[in-house]
Amino acid sequence: MTLPSGAIRLMPGAKAAVVAGGADVIVLGCTGMLGVGAALQERLARDGPFVPVADPTGAAIMSLESLVRPGVRPSRACYLPSRAKQRVG
């Protein structure tokens, strides 16, 4: 598998964190890295122990799905409807 450029840039730091024993999971901090997590996880596993790489885009979508499916809605005690505004124009 050819690594995306984002995974190439992240590989040295991620590998160093795993080798030093300080990381048992890598969490990407940007939603603009679609596909990077899987590639980075595969390369890390090939070069050492398996370490999961969490992609924030996928995690956010799955979190949203887990709320939408059972019909969970936002609290109206905390998030009140906005006040009526005078419309001009």
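The values are calculated or read from the model by the stated rules, or taken from the named source; none is laboratory data. All values reported here derive from a predicted model rather than from experimental measurement. Cβ placement follows ideal geometry from the backbone for every residue including glycine, while neighbour counts extend to all protein chains displayed. Ligands, DNA and RNA are stripped out before the accessible areas are found, and what is left, the full protein with its side chains, is counted by its heavy atoms. Shrake-Rupley method; radii C 1.70, N 1.55, O 1.52, S 1.80 Å.
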If I filter the stretch 55-89 down to residues being among the polar types (S, T, N, Q) and outside any helix (DSSP H, G or I), which single residue comes out as modelled with the highest pLDDT?
GLN86
Please verify whether the stretch 42-54 includes one or more residues that are surrounded by 11 or more Cβ atoms within 10 Å (Cβ to Cβ), part of a loop (DSSP other than H, G, I, E, B) and among the small types (Gly, Ala, Ser).
yes
Just to be sure before I move on: is GLY21 more than 19 Å from the chain's Cα centre (by Cα) and on the phi > 0 side of the Ramachandran plot in the structure I sent?
yes
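Residues of the stretch 13-36 being open to solvent by 90 Å² or more (accessible area, probe 1.4 Å) and either over 16 Å from PHE50 (Cα atoms) or assigned to a helix (DSSP H, G or I) (or both), which ones?
Of all residues in the stretch 13-36, those open to solvent by 90 Å² or more (accessible area, probe 1.4 Å) come to 19, 24, 27, 31, 34.
Correct list: VAL19, THR31, LEU34.
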